[in-house]
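Here the structure is laid out as structure tokens; the discussion comes afterwards.
Every number here is computed from the coordinates shown, using simple stated rules; none is lab data. Source: prediction; values computed, not measured. Here the Cβ positions follow ideal geometry from the backbone for every residue, glycine too, while neighbour counts run over all protein chains shown.
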Amino acid sequence: MHRTMEMDRRIFVMKLVSAATMLGASSLALAEAKPMVAEADPQAVNLNYKTDAAAVKHAKFKSGQVCGNCALFQGKATDAAGGCGIFPGKQVAAKGWCAAYAKKA
């Protein structure tokens, strides 16, 4: 009887660890699955955000400026999209641009 109880305890612990791992992985996936900023979003309109910097026609825009090399971009240089300090909870296109652009140091 003692041995059965010990096995039941081991199985319970293994299931608990497995469930905790799956919960952590799903939380991470949800955290990374942020929606993209739409060009029609009111804040995006105010900042002249475009998903493709090649389409930007703004006096402040200079060639070579894209979200991917902006100080506010929270993704990696190789990411197609990433978070932005201006648009919390959303992602911007790495090839995009907005009037809040600040060159990364």
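Quick look at the numbers
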{"quantity": "Scan of the range 37-64 for residues that are crowded, with 19+ Cβ neighbours inside 10 Å and not β-branched (Val, Ile, Thr), ordered by number", "calculated": "Ala44, Tyr49, Lys50, Ala53"}
{"quantity": "Number of positions in the range 61-105 that are assigned to a loop (DSSP other than H, G, I, E, B) and aromatic (Phe, Trp, Tyr)", "calculated": "3"}
{"quantity": "Residue within the range 39-52 that is touching a helix residue (DSSP H, G or I) at 6+ places or on another chain (Cβ under 9 Å) and hydrophobic (A, V, I, L, M, F, W, C) present", "calculated": "no"}
